Amino acid sequence: MGNFFIRIKSINNKYSLHITGAACIGNFVVGLGKLIVGLISLSFFTCVSAFYTFGMVIAKMCALKGIGKSREKQYAHYRLTGIILIVASVLYAIYSTRLLFKPEVPHYGINVGLAIATFTFTEIGLNIRGVIVERKNKELLYHALKMVSLAASLISLVLTQTALLSFTHEDVADYDPSFSNGIMGLLMGCVSTIIGIFMLLRVRGIQCKKQ
């Protein structure tokens, strides 16, 4: 009976790996789409969001690469995933802070704005699915994948807000959404950074218990 449950768990893990691998490809395509739209619309903020998406894909690939390796190597991959998340989130928060002092008002047409919103909602959907798929998996690196997906979803909300405000505020005189976008980006960047710090503290605590 014990071997049966071990076999079932192995099958579930393999299924999760395939789902996560496909989601990484989907996230990369979404990031590429955001980058293209950002370049076309000359929106540096959209490009920054795209590069954050690429960073999260790298973080997920780092976690995936460590699955099945020795315990010590899994610790190393988990820690590196957390570090990538922290670095990307801090840089994002710094850029968002810049918006508070040097406004950048994107002027997307309704079609471009809806395209960006579509990309970001798709990314949020993929990441939330990743959290749900891995919610019951207690393995260390599967937890890392869940945390990265959660952080990526939070950052995607910022660009969604930016895209929607860009073409809905045009009829309101003297309204500058830069401050709102900056505050939202700073908040989500800080929360994502805290998630990364939590990951480092978690793996350190696990290692201390093992020793």
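The values are calculated or read from the model by the stated rules, or taken from the named source; none is laboratory data. All values reported here derive from a predicted model rather than from experimental measurement. Ideal geometry is used to build each Cβ from the backbone, glycine not excepted, and the neighbour counts take in all protein chains shown. The area values use the complete protein model at the heavy-atom level, side chains included, leaving out ligands, DNA and RNA. Shrake-Rupley method; radii C 1.70, N 1.55, O 1.52, S 1.80 Å.
Restricting attention to the stretch 100-111, the residues being at pLDDT below 70 and hydrophobic (A, V, I, L, M, F, W, C) number 1.
Does at least one position in the stretch 137-151 carry a residue that is modelled with pLDDT under 70, open to solvent by 30 Å² or more (accessible area, probe 1.4 Å) and either over 20 Å from CYS62 (Cβ atoms) or in contact with a helix residue (DSSP H, G or I) (Cβ under 8 Å, 6 or more places away or on another chain) (or both)? No, because not a single residue in the stretch 137-151 is modelled with pLDDT under 70, open to solvent by 30 Å² or more (accessible area, probe 1.4 Å) and either over 20 Å from CYS62 (Cβ atoms) or in contact with a helix residue (DSSP H, G or I) (Cβ under 8 Å, 6 or more places away or on another chain) (or both).
Against the test of being within 17 Å of the chain's Cα centre (by Cα), in contact (Cβ under 8 Å) with a residue 12 or more places away in the chain, part of a helix (DSSP H, G or I) and on the phi < 0 side of the Ramachandran plot, the options ALA88, ALA115 yield a single qualifying residue, ALA88. Within the stretch 192-211, residues that are on the phi > 0 side of the Ramachandran plot and open to solvent by less than 50 Å² (accessible area, probe 1.4 Å) reach no partner that is at pLDDT 95 or above and not small (Gly, Ala, Ser) with beta carbons closer than 6 Å at six or more positions or on different chains. Residue selection: ALA76 fails the criterion of being of a type outside the set (D, E, K, R) and open to solvent by less than 10 Å² (accessible area, probe 1.4 Å). Yes or no: THR97 under 16 Å from the mean Cα position of the chain (by Cα), in a helix (DSSP H, G or I) and within 27 Å of ASN181 (Cβ to Cβ)? No.
Quick check on the stretch 49-59. Is at least one of its residues touching a Ser or Thr at 6+ places or on another chain (Cβ under 7 Å) and more than 24 Å from GLU139 (Cβ to Cβ)? Steps first, answer last, please.
Step one: list which residues in the stretch 49-59 are touching a Ser or Thr at 6+ places or on another chain (Cβ under 7 Å), which gives 59.
Filter once more, so that each one left must be more than 24 Å from GLU139 (Cβ to Cβ): none.
Taking every residue of the stretch 49-59 in turn, none turns out to be touching a Ser or Thr at 6+ places or on another chain (Cβ under 7 Å) and more than 24 Å from GLU139 (Cβ to Cβ).
Criterion first (assigned to a helix (DSSP H, G or I), aliphatic (A, V, I, L, M), at pLDDT 65 or above and out of contact with any Gly (no Cβ under 8 Å at 6 or more places or on another chain)) does LEU164 satisfy it? For LEU164, the condition - assigned to a helix (DSSP H, G or I), aliphatic (A, V, I, L, M), at pLDDT 65 or above and out of contact with any Gly (no Cβ under 8 Å at 6 or more places or on another chain) - is not met.
Residue selection: VAL48 fails the criterion of being more than 13 Å from the chain's Cα centre (by Cα), part of a helix (DSSP H, G or I), over 16 Å from ALA144 (Cα atoms) and at pLDDT 85 or above.
Could you go through the stretch 54-61 and let me know if any residue there is at pLDDT 80 or above, open to solvent by 40 Å² or more (accessible area, probe 1.4 Å) and under 24 Å from ILE197 (Cβ atoms). Yes, the stretch 54-61 has at least one match.
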